[in-house]
Amino acid sequence: MTVKEIFETMDYGPAPESAADAFAWIVDQGAAFGHFLDGTWTKPRKDFQSKNPANGETLADLTQASQEDIDAAVKAARKAQPKWEGLGGHGRAKYLYALARLLQKHSRLFAVLETLDNGKPIRESRDIDIPQVQRHFYYHAGMAQLMESELPNAQALGVCGQIIPWNFPLLMLAWKVAPALAMGNTVVLKPAEYTSLTALAFADICQQAGLPAGVVNIVTGDGTVGEMITTHEDIDKIAFTGSTEVGKRIRETTAGTGKSLTLELGGKSAYIVFDDADIDSAIEGLVDAIWFNQGQVCCAGSRLLVQEGIAERFHSKLKARMATLRMGNPLDKCIDVGAVVDPTQLQSITDMVDGNTDGVLYQAPVTLPVEGCFYAPTLITGLAPSSKLMQEEIFGPVLVSTTFRTPTEAVALANNTRYGLAATLWTENVNLALDIAPKLVAGVVWVNATNLFDAAAGFGGRRESGYGREGGWEGLCAYTKPKGTAKALKPVEAFSGDKGPVDPLDRTAKLYIGGKQARPDGGYSQNIYGKNGALLGQVPIANRKDLRNAVEAAQGAKGWSGTTGHLRAQILYYIAENLSARKEEFATRVNLLTGGKTGAAEVETSIRRLFTYAAWADKYDGQAHGVPIRGVALAMKEPVGVIGAFCADDAPLLGLISAMAPAIAMGNRTVLVTSEAYPLAATDFYQVLETSDVPAGVVNILTGSHAELATPLAGHLDVDAVWSFSSSPLSQEIEAASAGNLKRTWVNNGCARDWLSAEGEGHSFLEASTEVKNIWVPYGE
Ligand code: NAI
């Protein structure tokens, strides 16, 4: 192209980045890679290839890991872990800092390798992926440094198995490896089969940094290798990013194994444009929301919701912008849209779009390169909210759109999805923005911006987008556990008896559902005896129908989640006051039930615990993260929703209160299943609740068999989290049944907790009662 022609067309000329150094690095490594185990490379085999999706050329040969490779990797990681943790925060910080420096030094090599392997435009790998990777290592070098002073009760989990996808290969590695190493864990990481090269180059960097052998192990291969990691007995934690389908399978296979689990899965994130938005900015935002990385982004703003009055103008401006998107060789610095990762993914996008007959399809008039995996930027307008493409993740450069009339309708449409990863909203009205952001069920909300990420702001989802956060202080929870070793929980057996009632009056307790005492649906009750065999009373045996009623009542009490912490504190104090008025009676009841002498201590601790969470109700604050933009990321703590809990068997009153109080203090509604062996203290407690202004449906209490109710409660799609402190072995059942809607679980894996001590309360309960939502608010024009 001549200078004259350039002036006439005002078009960009080609500006390709050289791939010479990247190819030289591949050749230098023999163009074939083994696994990086215990600080050295295994002999490479040519089991599969990494290909450049922009032209189909083979980049390198890779090795499919065997079970022996995985065993060796886990063994190396296990051996290296105590020494690595023992280095202390400063010792580890120095290595993380060295890794960050090396990543910076070789940033161009990493950017080009990423673009070659994945197909993303070099502009993105160079300006977004790789700088974010470096930032993640720097940030977590700081976390390692601060661990001892700021997290004095935390320790490493041990060996972490990490499985990552192909859309941000090195960035996902950084999100997983940096916090794990910072907290003293060692890792076995598997990159996605399409994009292993930058992970292998990272192994090279680990060697250069002199990282102790076994701290980072990288194994390559497909999903079967992933499965070998998730099912390995000697791994303490699994961190997975990928599809919701595989995430659910991992939840099922790890159920009951005691492995800690975080899942970062799919999304169908709403991009809401109100009629007072700065339309041109909102359109530029959309380019970054859905055509960034060819739309292969878990939090892509893939569902456009535009207010009716501006819809026509918005769509026509959007089409005009789409027509200017440049597509082609991803190594060209002027390219906006590169190649889709693999022919399989291209086929899946094509099939989904071709299979749709709803709405009106528009495709950008781009000339597709003759070879390679390219898909034209696509917009489908006029879709019904129930349309398949409105609900299913396409994971390609395809935007679907519908309109709304009112803010309330926008929220309803945005939340009408099984996912809950991210949302974007555009409006010039700050009141509207800050009114809507908390109402969106999403882990991240961007206001007048989109796809902003930073190591300081936790990223992660709700609902079927998974759980756990990556980044920020909250991300560290996923890589630590409390100090100390847990004791085994002994089963608590109910007493049997043949004596008559202690009190001749009928003491048949009921269930407590929707603020009312309710008879059980099945009409069955069971006798509860004291240690001496005397009949203390009868309690209903709740069945699935009672459980469904309790969940419905909890769902109906949504207003509680919108109340202020101050109001919730008042109610918790009031419960404590009313319990205190009946102290002796409850203490006697607890002693009769357990045959022990802890009654008075249990009641006293219950009152204190109610005070503790009344205190926390208006003090468990969020944070304003110092992200590197002119603006803030507000980490807001929100209630999880409806929490079901199997209460401790050995502490009939205190066990109930220890689960109920943090949950309701944080704005959740609860379905509590009482101690199975000693349920009567909880049933007496109904009267305390009734006189304490607790709104109907906030606390629902069931009595009966834990084992019978575990699967129905954990499988109920309207329950958001299930906890188990039961002495019955429910952990496996609950975790497996939770996979249906990926509800959060907190189970005891057979470990005891001393409810009378500080172990029975505190931050872990507050964390389990809240979800962190990061709301990004940039400042300025
Ligand atoms: P995937 O979920 O199958 O793959 C992600 C990672 O998991 C890869 O490393 C893969 O080897 C591994 N894996 C696969 N099966 C496994 C198993 N049973 N156990 C353990 N690990 C396993 O995703 P895939 O097939 O590459 O893409 C399919 C769809 O998933 C995409 O179209 C997209 O909708 C979604 N996806 C979402 C991502 C996200 O960031 N949320 C990332 C990648 C894909």
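The values are calculated or read from the model by the stated rules, or taken from the named source; none is laboratory data. It should be emphasised that the depicted structure is a prediction, and the values quoted were computed from it without experimental measurement. No Cβ is skipped: glycine too gets one built from the backbone with ideal geometry, and neighbour counts run over all protein chains shown. Ligands, DNA and RNA are stripped out before the accessible areas are found, and what is left, the full protein with its side chains, is counted by its heavy atoms. Shrake-Rupley method; radii C 1.70, N 1.55, O 1.52, S 1.80 Å.
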inquiry  = Restricting to the range 617-638, give me the number of residues that are buried (at least 23 other Cβ atoms within 10 Å of the Cβ) and under 23 Å from L689 (Cα atoms).
reply    = 1
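Just checking, which of T344, T350, T378 is without any contact (Cβ under 8 Å) to a residue 60 or more places away in the chain, open to solvent by less than 10 Å² (accessible area, probe 1.4 Å) and within 16 Å of the ligand (Cβ to nearest atom)? Spell out the reasoning first.
Details: T344 fails: open to solvent by less than 10 Å² (accessible area, probe 1.4 Å); T350 fails: open to solvent by less than 10 Å² (accessible area, probe 1.4 Å).
The match here is T378.
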message = Need the failing condition index for P385 against (1) open to solvent by 60 Å² or more (accessible area, probe 1.4 Å); (2) under 28 Å from L742 (Cα atoms); (3) in contact (Cβ under 8 Å) with a residue 12 or more places away in the chain; (4) not charged (D, E, K, R), just the number.
response = (1)
ask   = Checking T198 against (1) polar (S, T, N, Q); (2) farther than 22 Å from G30 by Cβ; (3) open to solvent by less than 10 Å² (accessible area, probe 1.4 Å), which test does it fail?
value = (2)
task = Would you be able to say whether some residue in the range 25-33 is open to solvent by 50 Å² or more (accessible area, probe 1.4 Å), at pLDDT 95 or above and outside any loop (DSSP other than H, G, I, E, B)?
result = yes
inquiry  = For the range 588-616: of the residues being basic (K, R) and touching a residue at least 60 places away in the same chain (Cβ under 8 Å), which is surrounded by the most Cβ atoms within 10 Å (Cβ to Cβ)?
reply    = R589
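Suppose we filter the range 175-190 for residues that are within 14 Å of the ligand (Cβ to nearest atom) and out of contact with any Leu (no Cβ under 7 Å at 6 or more places or on another chain); how many remain?
Start the filter on the range 175-190 by keeping residues that are within 14 Å of the ligand (Cβ to nearest atom), which leaves 175-176, 188-190.
Among the residues that remain, those that are also out of contact with any Leu (no Cβ under 7 Å at 6 or more places or on another chain) are: 175, 188, 190.
Residues that pass the stated criteria total 3.
What residue, of Y512, Y529, Y524, is open to solvent by less than 20 Å² (accessible area, probe 1.4 Å) and among the aromatic types (F, W, Y)? Break it down stepwise before answering.
Details: Y529 fails: open to solvent by less than 20 Å² (accessible area, probe 1.4 Å); Y524 fails: open to solvent by less than 20 Å² (accessible area, probe 1.4 Å).
The unique qualifying residue is Y512.
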Subset of the range 289-307 that is in a helix (DSSP H, G or I) and more than 15 Å from V400 (Cα to Cα) - its residue that is nearest to the ligand (Cβ to nearest atom) = N293
Residues located in the range 1-24, provided they are part of a helix (DSSP H, G or I) and either of a type in the set (V, I, T) or in contact with a Gly (Cβ under 6 Å, 6 or more places away or on another chain) (or both) = V3, I6, T9
key: Subset of the range 208-243 [more than 14 Å from the ligand (Cβ to nearest atom) and either out of contact with any strand residue (DSSP E or B) (no Cβ under 8 Å at 6 or more places or on another chain) or not assigned by the TED database to the domain that holds W166 (or both)]   = Q208, A209, G210, L211, P212, E233
inquiry  = Can you tell me which residue is most open to solvent (accessible area, probe 1.4 Å) among those in the range 244-288 that are within 9 Å of the ligand (Cβ to nearest atom) and of a type in the set (A, V, I, L, M)?
reply    = V246
inquiry  = Between L434, L425, which is open to solvent by less than 10 Å² (accessible area, probe 1.4 Å), out of contact with any Pro (no Cβ under 9 Å at 6 or more places or on another chain) and on the phi < 0 side of the Ramachandran plot?
reply    = L425
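Each row is one residue, and each column tells you yes or no for (1) in contact with a helix residue (DSSP H, G or I) (Cβ under 8 Å, 6 or more places away or on another chain); (2) over 29 Å from G88 (Cβ atoms).
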{"position": "N153", "(1), (2)": "no, no"}
{"position": "L170", "(1), (2)": "yes, no"}
{"position": "V219", "(1), (2)": "yes, no"}
{"position": "D222", "(1), (2)": "no, yes"}
{"position": "E227", "(1), (2)": "yes, yes"}
{"position": "H232", "(1), (2)": "yes, no"}
{"position": "A239", "(1), (2)": "yes, no"}
{"position": "T254", "(1), (2)": "yes, yes"}
{"position": "L261", "(1), (2)": "yes, no"}
inquiry  = Of everything in the range 720-730, what is open to solvent by 10 Å² or more (accessible area, probe 1.4 Å) and in contact with a strand residue (DSSP E or B) (Cβ under 8 Å, 6 or more places away or on another chain)? Give them in sequence order.
reply    = D720, F725, S728
query = Inside the range 650-703, can you point out the residues that are open to solvent by 10 Å² or more (accessible area, probe 1.4 Å) and either touching an Asp or Glu at 6+ places or on another chain (Cβ under 9 Å) or in a loop (DSSP other than H, G, I, E, B) (or both)?
reply = D650, M666, E676, Y678, D684, T691, D693, V694, P695, A696
